[in-house]
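First comes the structure, then the notes that go with it.
All of the numbers you see were taken from the coordinates with simple rules; none came from a lab. Keep in mind that what you see is a predicted model, and the values were worked out from it rather than measured. Neighbour counts run over all protein chains shown; Cβ positions are idealised from the backbone, glycine included.
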Amino acid sequence: MPKTMELSTLEAARAAKQQAHKIFAPLGRVVGVGITRINGVYGLKINLQQPPGAGVVLPSEVNGVPVRVEVVGPLLKREATLDK
């Protein structure tokens, strides 16, 4: 089993979130870092506001935890709704 898969526990993913934000922030506008399942193991989902610039190579793992990157656009404030 690859080292990435051995280390990709929920605890490892939680521990890697802050480091992932530090790594990805200079590469693109990060609007969120979350935990998701990737190929049956815990990984990180990096949400970017826009695609990274040409020639930017994004890491596929952080501290042994696999990473999935998605361009989600800007975060928008939504009005609260009350269901009655």
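Note: relative contact order over segment 3-71, using C-alpha pairs below 8 Å and six or more positions apart, is 37 percent.
The residues packed around R68, meaning those with a beta-carbon under 11 Å from its beta-carbon, carry a net charge of 0 if Lys and Arg are +1 and Asp and Glu are -1. Do the sum for the chain: with -39,500 (n - 2.57) for every DSSP H run of n ≥ 4, divided by all residues, what is the mean residue ellipticity at 222 nm, to the nearest 500 deg cm²/dmol? Here the helix-only value at 222 nm equals -7000 deg cm²/dmol. Close Lys pairs in the chain (alpha-carbon distance under 27 Å; sequence gap of 8 or more, or different chains): 8. Dipole magnitude for the chain: about 180 debye, using +1 per Lys or Arg Cβ and -1 per Asp or Glu Cβ, origin at the Cα centre.
Highest-first packing order for the peptide set 62-72, 17-27 is 62-72, 17-27, based on the mean count of other beta carbon atoms within 10 Å. Judged by the ratio a/c of the largest to the smallest principal axis of the C-alpha gyration tensor, the chain counts as oblate, that ratio being 1.5 or greater while a/b is no larger than b/c. Take every DSSP beta bridge whose two residues both sit in the chain; close to 65 percent of them are antiparallel. Derived scalar couplings between HN and Hα for segment 34-47 equal x, 10, 9, 9, 10, 6, x, 10, 6, x, 10, 10, 9, 9 Hz in order, rounded to whole Hz, by the Karplus curve 6.51 cos²θ - 1.76 cosθ + 1.60 (θ = phi - 60°), x for Gly and Pro. Principal axis extents of the C-alpha atoms in segment 25-72 (largest first, rounded to whole Å): 30, 19, 15.
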